[in-house]
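Notes follow once the structure below has been shown.
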Amino acid sequence: MAYSEKVMEHFANPRNVGELPDANGIGEVGNPKCGDIMRMYIKVEDNVIKDVSFKTFGCGAAIATSSMATELVKGKTIDEALQLTNRAVMEALDGLPPVKVHCSVLAEQAIKAAVSDYYRRLGVDPTPIVGELHDCEEKACACGH
């Protein structure tokens, strides 16, 4: 299984790693069938994601996709961040092997879960804004949402 240089770089030197103590949105998603668990932390101010970080338990591709997803949403508005797709994460990493596509799906879902948590903390139902979150736990590793 060959990984791109960008995947290897984000795995070896992940960006935005760790807990964000003043996060006002935290989302966790996982897929126990392959062992990947992602937790995303966001700090939103004036509808902009001012800071973002992650903690991921999983393979190199899971770490790389988490790292890239944080890079892609940092400094973006919530609406812009919600446009992030797993395909955009994969393209930014110059691709993933087909058996690792699920990692990019988890990264997309983790961002959406953090935004959902942000809205819940404000007392707003996130579903009309964020949409339904996919339950990757019930899907095979190549869930392909």
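Only the coordinates and a few stated rules stand behind these numbers; no lab work does. Please read these numbers as outputs of a predicted model, since none were measured by experiment. Virtual Cβ from ideal backbone geometry, glycine too; neighbours counted across all protein chains shown.
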> With θ set to phi - 60° and the Karplus curve 6.51 cos²θ - 1.76 cosθ + 1.60, what are the ³J(HN,Hα) couplings of the stretch 61-71 in order, to the nearest whole Hz, using x for Gly and Pro?
Replying inline: 5, 5, 5, 5, 5, 4, 4, 5, 4, 5, 4
> How large is ³J(HN,Hα), in whole Hz, for each residue of the stretch 5-22 in order, when computed from phi with the Karplus curve 6.51 cos²θ - 1.76 cosθ + 1.60 and θ = phi - 60°, using x for Gly and Pro?
Replying inline: 4, 5, 4, 4, 5, 6, 6, 6, 9, x, 9, 6, 8, x, 6, 10, x, 9
> Pick from Leu93, Leu84, Leu133: which residue has the top mean-square fluctuation in a GNM of the chain where Cα pairs under 10 Å get a spring?
Replying inline: Leu133
> What FRET efficiency, computed as 1/(1 + (r/R0)^6) with R0 = 25 Å and r the Cβ-Cβ distance, is obtained for Val99 and Thr127, rounded to the nearest 0.05?
Replying inline: 0.20
>> Which residue fluctuates most in the GNM of the chain (Cα springs below 10 Å): Arg15, Arg39, Arg121?
In response: Arg121
> When only C-alpha pairs under 8 Å and at least 6 residues apart count, what is the relative contact order of the chain, in percent?
Replying inline: 28 percent
> Counting other Cβ atoms within 10 Å of each Cβ, which GluC sites (Glu not before Pro) in the stretch 14-116 have at most 14 and sit in a DSSP loop?
Replying inline: Glu19
> Based on DSSP H runs of at least 4 residues, each adding -39500 (n - 2.57), what is the mean residue ellipticity at 222 nm of the chain after dividing by all its residues, to the nearest 500 deg cm²/dmol?
Replying inline: -12000 deg cm²/dmol
